[in-house]
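Peer 1: Would you mind keeping the following structure in view while I ask a few things?
The values are calculated or read from the model by the stated rules, or taken from the named source; none is laboratory data. Model, not experiment: these values are computed from the prediction. Positions of Cβ are backbone-derived with ideal geometry, glycine not excepted, and every protein chain shown enters the neighbour counts.
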């Protein structure tokens, strides 16, 4: 145990940027730390045990008012006894209705963190879940979604565990810098404490904000709860029900490609998309 | 340290003086030697005691400031000691008589001894009184010794086992050296060669007695309780408790001041008079004997906790502790220092900090230990202070704690329910809303039990009773929030204050004479803890501060006394009553629920532990949320008490108690709230009733009337 730990001590930490947004409580609609973003920060904080000397930059792009300040502070309330420079948060202040992507891209390109962690989908605003992809596209970095845990970081390569449906996990090695997005599969966020949250400070970074012209044209209305489809249980016995719940979805047709060149793989995917009518 | 050096120098020169004087006097009488030696011994012991006192006071002064009127406290000391403290001690007559004889004898003997032997005022009258005092002390010490023959588990052993012997040494020593003063000593006894030996033995006995009683009092022996205890009574942080008063509300944290610590991280974060209070402990273990968590085998022992705090501010390890440990935690592994964290910031494998977190989270805040403590030490305050640090600074509220606090922040209730659904249970009752009426006699505070299906039955029963008595009442409905009780006791003072301030603002919008609630926790918080947060002017003519909060049992008792309720005779079996901690010990209401039960025609078969000594149900202080495992469950033990009383039904007056006691598997008794019993027994008053209230309508039509 011990020599291994010492080895880890010697390894230099990495710079991590955690993107956080202002969440919305599903019942009362009050501002809070967003569930997924908090899990992302939790993931980053848990890395501290693995990689001492890592630096976490908590980043928020958006407007700021009294309500949202309390929500943003509650992210920093998670950093008790973690000495990673989490006493403050970088704020890319921009007016309501601005596009967050460009300022984030600019900031990330300028500060060049090795790892960017973000929630998969925001709890207010568009909530399209496209932000991680847009960032990855702009920065040209790889993106891994639905992250379950970070295993190791060695020589600029990060080993990740990605969550797949039905509790399956896939181990991935990704070269840094990379973006990872977090959903409910990641470990739950720790409690946020009042004291550190109250002491937290905001560093306002200069931004160029641009009004989101597309958003301005949209008509927004509250979502209606969709009726639940009745589930018809066909299983006759407990064994059948268990099998239905636990077994993998059995794909019909399809093929497993191994040891093929990227071009062949792309060709196969393109062909499938054509067949399914996704691409026309 | 100057004082210490010079005092030591003084001791050395004094000893040299003894040698110088005693050698030429060797041929003289032995009594001469004693006459020379005694003042030196007495004043040496006194000087050492003073040095010890200064050191001890310095230890206490490491704590944070606390506003106490020192002079007033000292003036009140004799009364607090002789009346208030002895009220508590007097619950065990044998011990209180023993203490009167021993302590009274000692104080008198010590003063007289200083006069007679120290200053050499060899007055036979004083001598006679001194003999009397030392005799009283000796008789007392015999009883102390008898109790130590086969001591109950709750008593600490170790140095405390030698105390009766030390008391005897002091009293016998003083008695014997005083005999010559009154001329009672036969001349032959001090002559001859054996007299020297006798004198030496006597001197040794006196030194032992003085050492324990004077030196040990301030240097940390068992007698420390007398010194620290007296000052603790004088500078108590809840002076209201003396003279029959009650002070049970937690003290507010100042959240405006960002420099003030949020709770207690290290021993020096306690106020100085809290540290002093810890030092006053006599380790009698009465707290341990009544603690529900200790009885359940959860890792808490109030006595050990207080001793750990002493270890903390004095520095060292708990290895010297000689009482019952925290269940399941061996003694000797924990250590602390005045400026070291009481709770380890990270989980440590070996070599622990002063206290483990689960010890603090085991407490149900039932206040049994506080009420039982003869030294009036405030255990619950200390526990909540340390919990505040854990929650507010470290974010380490165990188990469901974090979820409950998040819910309270986001939805104003611990269950995370939609605040708008607070009145769903009463959809068919047409409850009048404060928002519509603005002014009523009684505001019915529902509490979070409104979301709990079991408590909804109680609430419906209570509404039925109120309507039968034609009470002009209304509810806040969706405007009501959690009172903040659970948040505060889980250490989240910030959320508590936020809820309290918003509730106060809501209450300030309306006019009413009193608040009635069936939840003793809301009752306590609204009545005893919101006072700290009333804004300037709110307490004035408008309404607040003047509002009265009533528990439903009190209110029902008053309605019955006013002749507004009539009951059918009780037909059920035998009934016992469980006193909720937050109604009984926190608010002193033991009588009204029993009066209601009596009015129902129920003869209460009291449990062995009832009233002031009622055993907690295990539901207070957020204990069901933090859920620290033990060997038994507290509600199981309480239902066992019910079983032993032979009752088929246990009447309760608290949603927490109902939930906890009803959760007991294979219980021998049914659990009913007092409101339910009353609602079931309601009958329409016979026609031609002489009391002034005319009753033209039934409960149902009253309901319609109110909504009109």
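Peer 1: Does residue A:61 qualify as being away from chain B (no Cβ under 14 Å) and within 19 Å of residue A:129 (Cα to Cα)?
Peer 2: Considered against the rule, which asks whether it is away from chain B (no Cβ under 14 Å) and within 19 Å of residue A:129 (Cα to Cα), residue A:61 comes out as yes.
Peer 1: Now for a different question. Could you count how many residues in the stretch B:394-404 are surrounded by 22 or more Cβ atoms within 10 Å (Cβ to Cβ) and touching a residue at least 60 places away in the same chain (Cβ under 8 Å)?
Peer 2: Total meeting the criteria: 3.
Peer 1: Further question on the same structure: Looking at (1) free of Cβ contacts under 8 Å to residues at least 40 places away in the same chain; (2) assigned to a loop (DSSP other than H, G, I, E, B); (3) in contact with a helix residue (DSSP H, G or I) (Cβ under 7 Å, 6 or more places away or on another chain), which one does residue A:187 not meet, given that it meets all the others?
Peer 2: Only one criterion is unmet by residue A:187, namely (1).
Peer 1: Another one. For the stretch A:252-275, indicate whether the set of residues that are within 14 Å of chain B (Cβ to nearest Cβ) and in a loop (DSSP other than H, G, I, E, B) is non-empty.
Peer 2: No: zero hits.
Peer 1: In the stretch A:13-38, which residues are within 15 Å of residue A:191 (Cα to Cα) and within 14 Å of another protein chain (Cβ to nearest Cβ)?
Peer 2: First, the residues of the stretch A:13-38 that are within 15 Å of residue A:191 (Cα to Cα): A:32-38.
Listed by number, the residues that qualify are A:32, A:33, A:34, A:35, A:38.
Peer 1: Another one. Specify the residue that is farthest from the other protein chains (Cβ to nearest Cβ); the eligible residues are those in the stretch A:198-225 that are within 16 Å of residue A:127 (Cα to Cα), in contact (Cβ under 8 Å) with a residue 24 or more places away in the chain and not in a loop (DSSP other than H, G, I, E, B).
Peer 2: The extreme case among them is A:216.
Peer 1: From B:470, B:393, grab the single residue that is closer than 30 Å to residue A:195 by Cα and outside the structural domain of residue B:624 (by TED's automatic domain parsing). Write out each step before concluding.
Peer 2: Numbers: B:470 fails: closer than 30 Å to residue A:195 by Cα.
Criteria check complete, one pass: B:393.
Peer 1: In addition: If I ask for residues that are outside any helix (DSSP H, G or I), under 29 Å from the mean Cα position of the chain (by Cα) and at the interface with chain A (Cβ under 8 Å from one of its Cβ atoms), which ones from the stretch B:381-417 would you list?
Peer 2: Once the filter is applied, which keeps residues that are outside any helix (DSSP H, G or I), under 29 Å from the mean Cα position of the chain (by Cα) and at the interface with chain A (Cβ under 8 Å from one of its Cβ atoms), the stretch B:381-417 yields B:395, B:396, B:397.
Peer 1: Could you please let me know if residue B:459 is in the same structural domain as residue B:498 (by TED's automatic domain parsing) and surrounded by fewer than 23 Cβ atoms within 10 Å (Cβ to Cβ)?
Peer 2: No; evaluated as a whole, the condition is false for this residue.
Peer 1: Looking at (1) within 14 Å of another protein chain (Cβ to nearest Cβ); (2) closer than 30 Å to residue B:397 by Cβ; (3) not in a helix (DSSP H, G or I), find the lone condition where residue A:195 falls short.
Peer 2: Unmet for residue A:195, out of (1) within 14 Å of another protein chain (Cβ to nearest Cβ); (2) closer than 30 Å to residue B:397 by Cβ; (3) not in a helix (DSSP H, G or I): (3).
Peer 1: Here's another thing I want to ask about it. Does the stretch B:419-438 hold any residues that are in contact with a helix residue (DSSP H, G or I) (Cβ under 7 Å, 6 or more places away or on another chain), within 14 Å of chain A (Cβ to nearest Cβ) and surrounded by fewer than 21 Cβ atoms within 10 Å (Cβ to Cβ), and which are they?
Peer 2: Within the stretch B:419-438, B:419, B:420 qualify.
Peer 1: Specify which of the listed residues (A:223, A:211) is more than 30 Å from residue B:396 (Cβ to Cβ) and loosely packed, with under 10 Cβ neighbours inside 10 Å. Show your work before the answer.
Peer 2: Numbers: A:211 fails: loosely packed, with under 10 Cβ neighbours inside 10 Å.
Step by step, each of A:223, A:211 is checked, and only A:223 is more than 30 Å from residue B:396 (Cβ to Cβ) and loosely packed, with under 10 Cβ neighbours inside 10 Å.
Peer 1: Right, next: How many residues are surrounded by fewer than 22 Cβ atoms within 10 Å (Cβ to Cβ) and either more than 18 Å from residue B:674 (Cβ to Cβ) or more than 17 Å from the chain's Cα centre (by Cα) (or both) if we restrict to the stretch B:603-625?
Peer 2: First pass over the stretch B:603-625, keeping only residues surrounded by fewer than 22 Cβ atoms within 10 Å (Cβ to Cβ): B:603-606, B:608-613, B:624-625.
With either more than 18 Å from residue B:674 (Cβ to Cβ) or more than 17 Å from the chain's Cα centre (by Cα) (or both) added as a condition, the list becomes B:603-606, B:608-609, B:612-613, B:624-625.
Number satisfying all stated conditions: 10.
Results for (1) under 30 Å from the mean Cα position of the chain (by Cα); (2) within 14 Å of chain A (Cβ to nearest Cβ), shown as yes or no for each residue.
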| position | (1), (2) |
| --- | --- |
| B:443 | no, no |
| B:460 | no, no |
| B:465 | no, no |
| B:475 | no, no |
| B:487 | yes, yes |
| B:496 | yes, yes |
| B:503 | yes, no |
| B:509 | no, no |
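Peer 1: State all residues of the stretch B:612-659 that are more than 18 Å from residue B:671 (Cβ to Cβ) and in a helix (DSSP H, G or I); if no residue qualifies, say none.
Peer 2: First, the residues of the stretch B:612-659 that are more than 18 Å from residue B:671 (Cβ to Cβ): B:612-613, B:621-623, B:625-632.
Matches in the stretch B:612-659: B:612, B:613, B:623, B:625, B:626.
Peer 1: How do the helices (runs of 4 or more DSSP H) wholly within the stretch B:79-158 filter down when requiring 3 or more residues that are over 29 Å from residue B:289 (Cβ atoms): which remain? Can you show your working first?
Peer 2: Details: elements: B:86-89, B:93-113, B:124-149.
In the stretch B:79-158, the matching helices (runs of 4 or more DSSP H) lie at B:93-113, B:124-149.
Peer 1: Please list, ordered by first then second residue, the pairs with beta carbon atoms under 6 Å, 6 or more apart or interchain, first in the stretch A:155-167 and on the phi > 0 side of the Ramachandran plot, second surrounded by 10 or more Cβ atoms within 10 Å (Cβ to Cβ).
Peer 2: Close Cβ pairs (under 6 Å, with a partner that is surrounded by 10 or more Cβ atoms within 10 Å (Cβ to Cβ)) amount to A:156/A:176.
Peer 1: Okay, moving on. Can you find a residue in the stretch B:246-267 that is part of a helix (DSSP H, G or I), farther than 23 Å from residue B:616 by Cβ and more than 14 Å from chain A (Cβ to nearest Cβ)?
Peer 2: Step one: list which residues in the stretch B:246-267 are part of a helix (DSSP H, G or I), which gives B:267.
When the remaining residues are screened for being farther than 23 Å from residue B:616 by Cβ, the result is B:267.
If we keep only those that are more than 14 Å from chain A (Cβ to nearest Cβ) as well, we get B:267.
Scanning the stretch B:246-267 turns up at least one residue that is part of a helix (DSSP H, G or I), farther than 23 Å from residue B:616 by Cβ and more than 14 Å from chain A (Cβ to nearest Cβ).
Peer 1: Quick one: is residue B:448 at pLDDT below 95 and more than 14 Å from chain A (Cβ to nearest Cβ)?
Peer 2: Working: at pLDDT below 95: yes; more than 14 Å from chain A (Cβ to nearest Cβ): yes.
So residue B:448 passes the test.
Peer 1: Right, here's the next one. Determine whether the stretch B:364-371 contains at least one residue that is within 16 Å of residue B:299 (Cα to Cα), under 26 Å from the mean Cα position of the chain (by Cα), more than 14 Å from chain A (Cβ to nearest Cβ) and outside any loop (DSSP other than H, G, I, E, B).
Peer 2: Yes, there is a match, as at least one residue in the stretch B:364-371 is within 16 Å of residue B:299 (Cα to Cα), under 26 Å from the mean Cα position of the chain (by Cα), more than 14 Å from chain A (Cβ to nearest Cβ) and outside any loop (DSSP other than H, G, I, E, B).
Peer 1: Return yes or no: is residue B:71 closer than 21 Å to residue B:273 by Cα and buried (at least 18 other Cβ atoms within 10 Å of the Cβ)? Steps first, please.
Peer 2: Numbers: closer than 21 Å to residue B:273 by Cα: yes; buried (at least 18 other Cβ atoms within 10 Å of the Cβ): no.
In short, no.
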